[in-house]
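The values are calculated or read from the model by the stated rules, or taken from the named source; none is laboratory data. Computed from a prediction, not measured in an experiment: that's the story for all the values here. Cβ coordinates were reconstructed from backbone atoms using ideal geometry, including for glycine residues, and neighbour counts include every protein chain displayed. Ligands, DNA and RNA are stripped out before the accessible areas are found, and what is left, the full protein with its side chains, is counted by its heavy atoms. Shrake-Rupley method; radii C 1.70, N 1.55, O 1.52, S 1.80 Å.
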Amino acid sequence: MGMIEGAREHWPSAIDSFEKSIALDPAEAGTYLYLGRSLAEVGRIEEAQKLLARGQRLGVSPDDFFSALQRVLALERRRSAASADRRTR
């Protein structure tokens, strides 16, 4: 369900679904990446990075980890640039 909600960009619903999935199966490494990416989409970058690291420790593929990390970092850069732009106005 989280994947569907994420595809629709319904981030709060996606986050809720992924959190429930982790509660049911905390050993499923990939879910941490999906939850992290969803959190990053709503600006919760620090939490996202921690979840990606946890997924990496649990054994997600390096390609999946780096793909998720790139997205989180891109969102962080975009938010930082927007924040700096607002301050200079």
Quick one: count up the residues across segment 15-38 that are in a helix (DSSP H, G or I) and touching a residue at least 24 places away in the same chain (Cβ under 8 Å). 11
Starting from residues that are under 21 Å from I15 (Cα atoms) and of a type in the set (K, R), keep the ones in segment 70-89 and report whichever is least open to solvent (accessible area, probe 1.4 Å). R71
So, E41, is that one closer than 19 Å to R78 by Cα and either charged (D, E, K, R) or in contact (Cβ under 8 Å) with a residue 60 or more places away in the chain (or both) or not? yes
Number of positions in segment 11-21 that are under 14 Å from the mean Cα position of the chain (by Cα) and surrounded by 18 or more Cβ atoms within 10 Å (Cβ to Cβ): 5
Filtering segment 41-64 down to residues that are within 25 Å of R8 (Cβ to Cβ) and of a type in the set (G, A, S), which residue is modelled with the lowest pLDDT? G43
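If only one of S38, S67 is among the polar types (S, T, N, Q), within 9 Å of the chain's Cα centre (by Cα), at pLDDT 95 or above and open to solvent by less than 60 Å² (accessible area, probe 1.4 Å), which one is it?
None of the other options fit; the residue is S38.
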Just give me the residues in segment 22-35 being hydrophobic (A, V, I, L, M, F, W, C) and open to solvent by 30 Å² or more (accessible area, probe 1.4 Å), in sequence order. A23, L24, A27
Against the definition (buried (at least 19 other Cβ atoms within 10 Å of the Cβ), within 13 Å of the chain's Cα centre (by Cα), among the small types (G, A, S) and assigned to a helix (DSSP H, G or I)), how does G55 come out, yes or no? yes
